[in-house]
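Beneath this line is the structure, given in structure tokens, with notes to follow.
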Amino acid sequence: MYKVKICGITSYHDAIMAVEAGADALGFVFYPQSPRYISPQDAKNIIERLPPFVEKVGLFVNEDADTINAISQQSGITLAQIHFEAPQETLDELRVPYIMVTRAKSEDDIAELDGRYRLVDAYCEAYGGMGKRLNLDWFKGKDNRHIILAGGLSPENVHETLQYGFYGVDVSSSVEKEKGVKDPEKVRTFIANAKKSAT
């Protein structure tokens, strides 16, 4: 059964709706160029009202360790999602647990994964929420237990991934009414379909 992250949360209404629908994690985008950007203070106002045992994930692009640490502390996130090629020195300075994102261009990028937990998204010039799908054939015959799959997933197609044995899935744009505003029915359907067992 997949772990499910609903990303691009911008309101408490959407956050609690997703949690009640079964989301394991919520994503907060701290990338100012994103239409789903949320300020650290607004994220805090949501996070401090959430029930326990929900992962609160902050998405970061091209930030230094001091900035990531400061935003993490202010907002109350429990995991940093690093969407850029951060140097090891930056990662060593982080005071919050983190997960790296691989923006895959080809099957070779999948083959190079080292067994640590990773979020794998389709490569595009922009960062996050573009809805571009990965080629699932790249994952055939591989150990995918440490991969969280993102990119182009929807309530209608997430079931196609179940046979590959990923750790979890991450969705944003395909469960929205408009950018930054979630559609409750789409969220519920996505989570229900993602948490079915592979047959």
Taking the simple approach of a point 7 Å from Cα along Cα-to-Cβ for both residue 179 and residue 55, what is their distance in nm? 2.7 nm
In nm, to one decimal, how far is the residue 145 label point from the residue 124 one, both placed 7 Å along Cα→Cβ? 3.3 nm
Number of Lys pairs (Cα under 12 Å; 8 or more positions apart or on different chains) in region 3-194: 4
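Return the percentage of antiparallel bridges among DSSP beta bridges fully within the chain, rounded to the nearest 5 %.
Counting DSSP beta bridges with both partners in the chain, the antiparallel share is about 5 percent.
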At R0 = 30 Å the Cβ-Cβ FRET efficiency linking residue 42 and residue 138, nearest 0.05, sits at 0.25
Would you mind pulling out the separation of the Cα centroids of region 29-83 and region 160-199, in Å? 21 Å
Using alpha-carbon coordinates alone, the radius of gyration and Dmax of region 3-194 in Å work out to 15.6, 44
Would you please give the residues with an amide H less than 5 Å from that of residue 98, counting only those at least 5 places away or on a separate chain, with H modeled from the backbone geometry? 80
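Every number here is computed from the coordinates shown, using simple stated rules; none is lab data. Since the structure is predicted, the reported quantities are computational estimates derived from the model, not experimental observations. Quick reminder, even Gly has a Cβ in these numbers, built from the backbone with ideal geometry, and neighbours come from all protein chains shown.
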